[in-house]
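S.K.: Here it is: the structure, laid out below.
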Amino acid sequence: MAELSQGLVFLNAPGVDGLRDAILQPAEMAGYRFETPAIVDDMLKHLASTSGALPLLQFSAQKLWENRDAARKLLTQAAYQNLGGVAGALASHADAVLAKLPGNALPLVRSIFLRLVTPDRTRAIVSVDELNDINSNKAEVQSLLSTLVQARLLVVQTGSGVATYEIVHESLLHSWPMLKRWLEESGE
């Protein structure tokens with residue numbers, strides 16, 4: 001154990017200044033700037049009250065970068081608003097992913113997501129066997145799970161020989177209108 005622990009450094013989650021640096025420095029290093037300071041302030045406001053802020057920051061920053069104004073070397077307010085801000089970035093991505101799926105897949109997607117939410121409306125960790133029980137066509141379930149993992153909406157863990165799935169981030173439970181509607185309709 002002594003040999004394994006040499007050189008390990010445990011880091012706390014970054015504070016507001018660390019998050020600000022994580023937002024600003026990569027853009028500045030690439031020669032870009034934010035159109036207004038309000039974009040960064042809004043990002044920080046949402047990240048400060050979010051558990052698992054770094055993965056959400058990474059996802060939001062990537063989407064904002066994909067929609068940058070390359071001609072003016074700007075990360076624009078319009079792109080940030082279209083993204084839905086930090087709170088809506090993952091939700092708008094989820095909508096886009098579902099829009100690309102065949103229409104007959106939506107009821108199965110709904111069932112999968114509902115199974116991945118606890119009665120307390122938190123993320124559940126569910127075994128692949130439980131998810132396979134949702135539909136008699138296990139190949140269809142597996143294909144859909146693979147698509148949702150590749151789209152970064154679900155996370156799969158393969159510890160102890162059994163694959164488990166969970167929703168990628170808690171923000172989907174609170175900021176994705178479709179999932180909120182499904183939860184209200186299910187009444188569970």
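S.K.: What are the pairs, 6+ residues apart or on separate chains, where a residue within the range 116-132 that is in contact (Cβ under 8 Å) with a residue 40 or more places away in the chain and within 15 Å of Leu145 (Cα to Cα) has its Cβ under 9 Å from a residue that is part of a loop (DSSP other than H, G, I, E, B) and open to solvent by 80 Å² or more (accessible area, probe 1.4 Å)?
M.R.: Leu116/Ile125
S.K.: Looking at the structure I just gave you, is Asp95 under 30 Å from Val141 (Cα atoms), of a type in the set (D, E, K, R) and in contact (Cβ under 8 Å) with a residue 24 or more places away in the chain?
M.R.: Taking the combined requirement at face value, the residue satisfies it.
S.K.: Does Ala91 fit the bill of being closer than 30 Å to Arg68 by Cβ, among the aliphatic types (A, V, I, L, M), at pLDDT below 90 and in contact with a Ser or Thr (Cβ under 9 Å, 6 or more places away or on another chain)?
M.R.: No: the conditions fail for Ala91.
S.K.: I would also like to ask the following. For the range 140-166, which positions are aliphatic (A, V, I, L, M) and over 26 Å from Ala96 (Cβ atoms)?
M.R.: Within the range 140-166, Val162 is the sole residue that qualifies.
S.K.: Moving on to the next point. Could you please give the count of residues in the range 1-37 that are among the hydrophobic types (A, V, I, L, M, F, W, C) and at pLDDT 85 or above?
M.R.: So the first thing to find is which residues in the range 1-37 are among the hydrophobic types (A, V, I, L, M, F, W, C), and the list is 1-2, 4, 8-11, 13, 16, 19, 22-24, 27, 29-30, 34.
Filter once more, so that each one left must be at pLDDT 85 or above: 16, 19, 22-24, 27, 29-30, 34.
The total comes to 9.
S.K.: For the range 75-97, which positions are surrounded by 17 or more Cβ atoms within 10 Å (Cβ to Cβ) and of a type in the set (A, V, I, L, M)?
M.R.: The answer is Leu75, Ala79, Leu83, Val86, Ala87, Ala89, Leu90, Ala91, Ala94.
S.K.: Of the residues Gly103, Gly7, only one is within 30 Å of Asp129 (Cβ to Cβ), out of contact with any Phe, Trp or Tyr (no Cβ under 9 Å at 6 or more places or on another chain) and open to solvent by 30 Å² or more (accessible area, probe 1.4 Å); which?
M.R.: It is Gly103.
S.K.: Something else about it: Pull out all pairs, ordered by first then second residue, where Cβ-Cβ is under 8 Å, the residues are six or more apart or on different chains, the first lies in the range 66-83 and is closer than 11 Å to Arg33 by Cα and in contact (Cβ under 8 Å) with a residue 40 or more places away in the chain, and the second is open to solvent by 90 Å² or more (accessible area, probe 1.4 Å) and among the charged types (D, E, K, R).
M.R.: Lys73/Arg33; Leu74/Arg33; Leu75/Arg33
S.K.: Say whether the condition of being among the hydroxyl-bearing types (Ser, Thr, Tyr) and more than 29 Å from Val149 (Cβ to Cβ) is met by at least one residue in the range 39-55.
M.R.: no
S.K.: Just to check your reading of the model, which residue among Ser127, Ser171, Ser146, Ser186 is of a type in the set (S, T, N, Q), in contact with a strand residue (DSSP E or B) (Cβ under 7 Å, 6 or more places away or on another chain) and open to solvent by less than 80 Å² (accessible area, probe 1.4 Å)?
M.R.: Ser127
S.K.: Residue check, Ala151 against (1) in contact with a Phe, Trp or Tyr (Cβ under 9 Å, 6 or more places away or on another chain); (2) over 23 Å from Glu184 (Cα atoms); (3) buried (at least 16 other Cβ atoms within 10 Å of the Cβ); (4) touching a residue at least 24 places away in the same chain (Cβ under 8 Å), all met but one. Which one?
M.R.: Ala151 satisfies all of (1) in contact with a Phe, Trp or Tyr (Cβ under 9 Å, 6 or more places away or on another chain); (2) over 23 Å from Glu184 (Cα atoms); (3) buried (at least 16 other Cβ atoms within 10 Å of the Cβ); (4) touching a residue at least 24 places away in the same chain (Cβ under 8 Å) except (1).
S.K.: Of Val109, Val162, which residue is of a type in the set (Val, Ile, Thr), at negative phi and surrounded by 16 or more Cβ atoms within 10 Å (Cβ to Cβ)?
M.R.: Val109
S.K.: Need the failing condition index for Val40 against (1) within 23 Å of His169 (Cα to Cα); (2) loosely packed, with under 11 Cβ neighbours inside 10 Å; (3) modelled with pLDDT of 90 or more, just the number.
M.R.: If we test Val40 against (1) within 23 Å of His169 (Cα to Cα); (2) loosely packed, with under 11 Cβ neighbours inside 10 Å; (3) modelled with pLDDT of 90 or more, just (2) comes out false.
The values are calculated or read from the model by the stated rules, or taken from the named source; none is laboratory data. Just so we're clear, the structure is a prediction, and the values are computed from it rather than from any experiment. Reconstructed Cβ throughout: ideal geometry from the backbone, glycine too, with neighbour counts over all protein chains shown. The area values use the complete protein model at the heavy-atom level, side chains included, leaving out ligands, DNA and RNA. Shrake-Rupley method; radii C 1.70, N 1.55, O 1.52, S 1.80 Å.
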